[in-house]
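The values are calculated or read from the model by the stated rules, or taken from the named source; none is laboratory data. None of the values given here were measured: they were computed from a predicted structure. Cβ sites come from the backbone with ideal geometry, for glycine too, and all protein chains shown count toward neighbours.
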Amino acid sequence: MKNLKGKIVLITGATSGIGKASAYKFAELGCDLILAARREDRLEKISNELRTEYGIDVLTIRLDVQKYEDVKSKVDGLEGKWKKVYLLLNNAGLARGMASVKDGSVQDWNEMIDTNVKGLLYVSKSIIPLMLDNKEGHVINIGSIAGHEVYPNGNVYAGSKHAVDAITKSMRMELLDSPIRVSTIDPGLVETEFSVVRHRGVEDKAKLTYEGYTPLSPDDIAEAVIFAATRNDNFVVAEMIVFPKAQAGVRDVVRKV
Ligand SMILES: NC(=O)c1ccc[n+]([C@@H]2O[C@H](COP(=O)([O-])OP(=O)(O)OC[C@H]3O[C@@H](n4cnc5c(N)ncnc54)[C@H](OP(=O)(O)O)[C@@H]3O)[C@@H](O)[C@H]2O)c1
């Protein structure tokens, strides 16, 4: 098992759900963390807890991954040891709405594509050169089962996660001759703020997503991330699909209500 103590881990979308749970798991391993997201109050609270509980160094960056100039300037501004990013967890992402192509909102489409696809590209483009300078690194993308299968009214979200799958595979080929590993962890249904964001705070709709079965928890996915991150250098978790027991595919969920 690879020892990650003292390694720098950058997590996008660290203020909630899978990103936040992963931050705590990497902190347990003694990693120093760069936590990036838009909500600064949450970043502050989480980073203070992690410093106190685990004695690690934490740098917070207010970052909107949709904005290339923002990403580039924040990464260019990293100083000293913070430039030595060992692991990038490309986790920031979202779904907005559920509608057919005919009825869908152009604004929602743009937000999903700008965050899930372009955001992941912008952060990767900025961080990979630092890893190459450092001669070590690991990019872990959070994809989705929706990157392998589609469902009605999930058109653009599924399209964005199919793009993550394609980009991950291509990135792995491009970095084959380097020490950098590339992985994707592709969850099924995980109970986070994801559905509240998708349904714009309409709690009843969000709750329906997780009704009648036990969904995965953010900690479950964080454990999968840690498994991939702590393999020995010659062991690449290329792709890991993770379901709750009640799920067998993007539309195949047994609910007992
Ligand atoms: N939950 C599921 O069932 C599920 C299943 C498969 C895949 N996933 C994927 O898992 C990842 C994490 O989602 P989650 O379930 O943990 O949802 P979540 O609880 O809503 O967390 C999403 C995180 O992404 C950040 N984020 C969103 N837009 C951003 C932007 N423009 N710039 C920077 N950060 C941004 C949010 O932070 P701020 O709002 O503070 O910026 C938040 O920290 C996503 O890529 C999602 O597609 C989730």
*What pairs come up if the first residue lies in segment 72-95 and is charged (D, E, K, R), the second is within 11 Å of the ligand (Cβ to nearest atom) and assigned to a strand (DSSP E or B), and their beta carbons are under 7 Å apart, counting only those six or more places apart or on different chains?*
74/61
*Looking only at segment 24-45, count how many residues are within 20 Å of residue 74 (Cα to Cα) and more than 10 Å from the ligand (Cβ to nearest atom).*
4
*Among what's in segment 90-117 and is within 10 Å of the ligand (Cβ to nearest atom) and either of a type in the set (Val, Ile, Thr) or not in a loop (DSSP other than H, G, I, E, B) (or both), pick the residue that is farthest from residue 179 (Cα to Cα).*
111
*Within segment 228-257, can you find the residues that are in contact with a strand residue (DSSP E or B) (Cβ under 8 Å, 6 or more places away or on another chain) and within 18 Å of residue 28 (Cα to Cα)?*
228, 229
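Yes or no, residue by residue, for (1) touching a residue at least 40 places away in the same chain (Cβ under 8 Å); (2) of a type in the set (S, T, N, Q); (3) within 23 Å of residue 129 (Cα to Cα); (4) within 12 Å of the ligand (Cβ to nearest atom):
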site	(1), (2), (3), (4)
6	no, no, yes, no
12	yes, yes, yes, yes
22	yes, yes, no, yes
47	no, yes, no, no
52	no, yes, no, no
66	yes, yes, yes, yes
*Which ranges mark the helices (runs of 4 or more DSSP H) fully within segment 137-223 that have 1 or more residues being closer than 28 Å to residue 126 by Cα and in contact with a helix residue (DSSP H, G or I) (Cβ under 7 Å, 6 or more places away or on another chain)?*
155-174, 194-198
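Within segment 168-201, how many residues turn out to be among the charged types (D, E, K, R) and near the ligand (Cβ under 9 Å from one of its atoms)? Before you say what the answer is, go through the steps one by one.
Looking only at segment 168-201, we keep the residues that are among the charged types (D, E, K, R), and these are 169, 172, 174, 177, 181, 186, 191, 193, 198, 200.
Restricting the remaining residues to those that are near the ligand (Cβ under 9 Å from one of its atoms) gives 186, 191, 193, 198.
Qualifying residue count for the region: 4.
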*asked:* So the check is Cβ under 7 Å with 6+ separation or different chains; which pairs have a first residue in segment 200-216 that's among the small types (Gly, Ala, Ser) and a second one that's away from the ligand (no atom under 12 Å from the Cβ)?
replied: 212/255; 212/256; 212/257
*Verdict on residue 130 being crowded, with 19+ Cβ neighbours inside 10 Å, at pLDDT 95 or above and either within 14 Å of the chain's Cα centre (by Cα) or of a type in the set (Gly, Ala, Ser) (or both)*: no
